[in-house]
Amino acid sequence: MEAAYDLDSVLAAAREEAGLEDFGNTGFTEALAKVLDCARRDLCFSDTGFMAFQGNIRRWLVNRLRYVDGVKSHPAILEEDVSDPIVVLGMPRCGTTKMQRLLTAAPGTIALPLWMTQNPAPFPDEEPGNPAGRIAFARAIQEAQRANNPDFLASHERTAEQAEEDSDLLLFAIDYLMIFIIHPSDALLDWLRERPRLPAYELQHRLLQYLQWQQGGRQGRRWILKNPGHIGQLDALSTVYPKATILHLHRDLRTVLPSYCQLIRAIYLDLFDDYDPRRIGRQTLAYWGPEFRRHRAQREALRDRLNIVDAPYRAVLEDAVGVAGAVFERAGMPITGQTVQALEQWQAENAQHRHGKPSYSMEEFGLDDEAILAAFGTFDEAEDWT
């Protein structure tokens, strides 16, 4: 077990599995050492959680090795243009997943499905254009969650071939703030918050180039990305993707935060033998409060270079197709009859709460209006932007 927390042992195991030696820039090892140390000292994984902890780190490292090797063999990968994605952001539980998946239903877009986010690098025996092994890997994750964690499925449905958060690509950097969500050590959060934000986004950019190259290149298409974790990261996001169009969704934090806490509780059921709901509430405020305030300051400071469409959550419920149309219009993408038909068909086939609606309250997570206002400075900033 100790080897799982030892930096040299972890790196050696990844090299052995990949059959490769070169990680490229090894600056990530400082953050990896910190994650390993904080996990060993501060976290009490369940047996399943410990296996996930080991498996995730190994997967991140093996994919990095394969990516570096792929670029050596095919330097044209780094010539792919991914500068102008459509990016959906907003606090968690604001309808970001629905809007991402709706937007990817339109022609001329590229989705980022779960199988890509888990393994952006092809498996060694993979035939070009046939990622069956990577899809099977993601389906195994999907089936395990369906069998063992229906609470998570009720909060956030995901399947191997549906669009997923681009946070999973940012996690390959390891030196990325949202790694705290699955390694909830207060010491780790404090350390990560002082780290530069740009390197993780630069790696994500390169991984998108890698994935686009695998799919035959750009072909006039635009990536559709989504990640609540972009809250607080607008400077890095807009630097790496200077021509991005952003959809920013807004919802009352008194609804958002307990819903988010319930999702985290569902995730932690697999990872930890026991995790106090009130600790989830406290760490939620500690993570998202400063990022939310940082995000608002960045929006103001960067307003001249950001291309943003703002929409309240109620618009996602009442007219998601209309919101999507406004985004495509802002992005300069043609809205044809085929586009509208594809969006309406997706909407009709994807009803909310198909797997049940979880029950929760602010009180069970130790949240109240006073604590939210102290952490965020507001309950709902929608009126400022919409």
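Annotations
- Dipole moment magnitude, nearest 20 debye, the chain about Cα centre, only Lys, Arg, Asp, Glu C-beta charged: 620 debye
- Positive-end residue of F376, Y360, A105, charge dipole of the chain with Cβ unit charges: A105
- Springs join every pair of Cα atoms under 10 Å in this Gaussian network model of the chain, and among R265, R279, R134 the largest mean-square fluctuation is at R279.
- If you run the Gaussian network model on the chain, springs between alpha carbon atoms under 10 Å, then out of G220, G55, G229 the most flexible one is G220.
- Accessible area (Å², per residue) of segment 147-293, counting only protein heavy atoms and a probe of 1.4 Å: 32 Å²
- Exposed loop sites here mean GluC sites (Glu not before Pro) with a DSSP loop assignment and at most 12 other beta-carbon atoms within 10 Å; the chain contains its longest site-free run at 195-386.
- Summarising the label geometry, the points placed 7 Å from Cα in the beta-carbon direction at I335 and K243 lie 2.2 nm from one another.
- Gaussian network model of the chain, Cα within-10 Å springs - most flexible of H74, H183, H205: H74
- Each label point was placed 7 Å from the Cα along the Cα-to-Cβ direction; for S73 and R193 their separation is 4.4 nm.
- R0 of 51 Å, Cβ-Cβ distance D8-D369: FRET efficiency to nearest 0.05: 0.55
- Placing +1 on each Lys and Arg Cβ and -1 on each Asp and Glu Cβ, with no other charges, gives segment 2-73 a dipole about its Cα centre of roughly 260 debye.
- Per-residue surface analysis assigns K34 an accessible area of about 50 Å², computed on protein heavy atoms at 1.4 Å probe radius.
- Projecting the Cα atoms of I77, V87, L61 onto the charge dipole of segment 1-158 (Cβ charges, centred on the Cα centre) puts V87 farthest toward the positive pole.
- With each label modelled as a point 7 angstrom along the Cα→C-beta vector, the E127-M51 pair spans 3.2 nm.
- Overall form of segment 231-386 per C-alpha gyration tensor (a/c, 1.5; a/b vs b/c): oblate
- Between segment 1-75 and segment 255-329, the Cα center-to-center distance that results, in Å: 28 Å
The values are calculated or read from the model by the stated rules, or taken from the named source; none is laboratory data. From a predicted model like this one, the values you see are computed outputs, not experimental measurements. Heads up, the Cβs are rebuilt from the backbone with ideal geometry, glycines too, and the neighbour counts pull from every protein chain shown. The area values use the complete protein model at the heavy-atom level, side chains included, leaving out ligands, DNA and RNA. Shrake-Rupley method; radii C 1.70, N 1.55, O 1.52, S 1.80 Å.
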